[in-house]
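A short reminder: the numbers here are calculations on the coordinates, not readings from a lab. Everything numeric here is computed off the predicted structure, so don't read it as measured data. For neighbour counting, all protein chains shown are included, and Cβ atoms are generated from backbone atoms with ideal geometry for every residue, glycine included.
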């Protein structure tokens with residue numbers, strides 16, 4: 001599935017997927033000195049989870065490296081990672097001195113596109129990074145949301161909602177990056193009107209561990225009472241003047257009810273006398 005999705009997005013951007021590149025370049029493998037390898041500064045994947053890197057390192061130690069990393073030469077004599085930074089980090093954790101690699105002389109725009117293709121299809125991609133990638137595909141490369149959705153196997157509303165999340169405050173987005181709130185939480189926070197409300201709820205979710213259901217309850221706005229009918233209002237005010245107490249009228253198409261408030265036994269007697277007076 002990942003290969004198919006990557007190929008679809010790669011076709012839209014006019015580049016091959018990393019999988020296609022590695023399959024075609026099996027005879028070009030080199031054992032690259034780890035000391036010469038440097039990460040990409042503008043990597044679309046912003047955060048790397050230490051636990052998953054550790055798991056990958058254990059898998060590599062047991063099964064070997066299943067896919068080489070892809071590099072490009074730099075003027076400094078070093079080689080920049082185009083694809084495979086997780087594998088590179090896992091090799092560092094294992095204290096390996098060399099890593100299997102494919103070297104290609106890519107231009108900056110090609111690098112950007114290749115990394116987008118590789119990262120968008122990752123199942124463990126951070127929601128924030130995923131949203132950034134979709135926004136970049138839309139704004140930088142002019143792809144329509146419908147085309148992005150089709151290429152990555154998502155719905156158009158899903159792509160739209162993910163990019164809308166990026167309008168949240170930086171503090172809230174940082175919580176999303178760290179996994180302190182979920183995408184579902186973020187969507188609910190987005191429904192609030194003010195920055196103060198959004199930040200307050202985000203911290204409440206983080207500190208109290210609110211579920212999505214509980215968060216939804218916190219975002220529900222009380223229904224506004226319907227304005228009182230002018231005719232009913234006039235009658236209520238006349239009754240209040242006459243009885244010298246609070247009166248409530250519940251009016252429906254089939255009738256209604258009148259509630260008269262009293263506060264003491266004497267008050268009740270007074271009201272009774274007024275109502276029953278001939």
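Considering only the chain, what is the antiparallel percent among its DSSP beta bridges, to the nearest 5?
Within the chain, antiparallel bridges account for around 75 percent of the total.
Could you give log10 I(q)/I(0) at q = 0.10, 0.11, 0.20 Å⁻¹ for region 99-224, computed by the Debye formula over C-alpha point scatterers of equal weight, without solvent?
-0.40, -0.47, -1.12
Tell me, 37, 117 in order of fewest to most beta-carbon neighbours within 10 Å?
37, 117
Would you calculate, for the chain, the mean residue ellipticity at 222 nm contributed by helices, counting each DSSP H stretch of 4 or more residues as -39,500 (n - 2.57) and dividing by all residues, to the nearest 500?
Result for the chain, helices only: -16000 deg cm²/dmol.
With contacts defined as alpha carbon pairs under 8 Å and 6 or more residues apart, what's the relative contact order of region 71-149 in percent?
Relative contact order for region 71-149 comes out at 24 percent.
Taking semi-axes √(5λ) of the Cα gyration tensor in Å straight from the coordinates, which label in (1) 29, 22, 18; (2) 66, 20, 14; (3) 32, 23, 18 is the correct one?
(2)
In percent, what relative contact order does the chain have, based on Cα pairs under 8 Å that are 6 or more apart in sequence?
Relative contact order for the chain comes out at 15 percent.
Along its three principal axes, how long is region 190-278 when you only count alpha carbons? Whole Å, largest extent first please.
66, 31, 24
Please build a GNM for the chain, connecting alpha carbons under 10 Å apart, and tell me which residue among 48, 242, 91 fluctuates the most.
242
Which peptide among 129-138, 190-199, 105-114, 10-19 comes first, and what is the full order, when sorted by highest mean count of other Cβ atoms within 10 Å?
So the peptides 129-138, 190-199, 105-114, 10-19, ranked by packing, come out 129-138, 10-19, 105-114, 190-199.
If you average the sequence gap of Cα pairs under 8 Å that are 6 or more apart and divide by the length of region 172-274, what percent do you get for the contact order?
That works out to 15 percent.
If one computes the Cα centroid of region 91-152 and of region 16-80, what distance in Å separates the two points?
Region 91-152 and region 16-80 have Cα centres spaced 13 Å from each other.
Can you tell me what share of the DSSP beta bridges in region 9-121 is antiparallel? A percent to the nearest 5 is fine.
So the antiparallel bridges in region 9-121 amount to around 60 percent.
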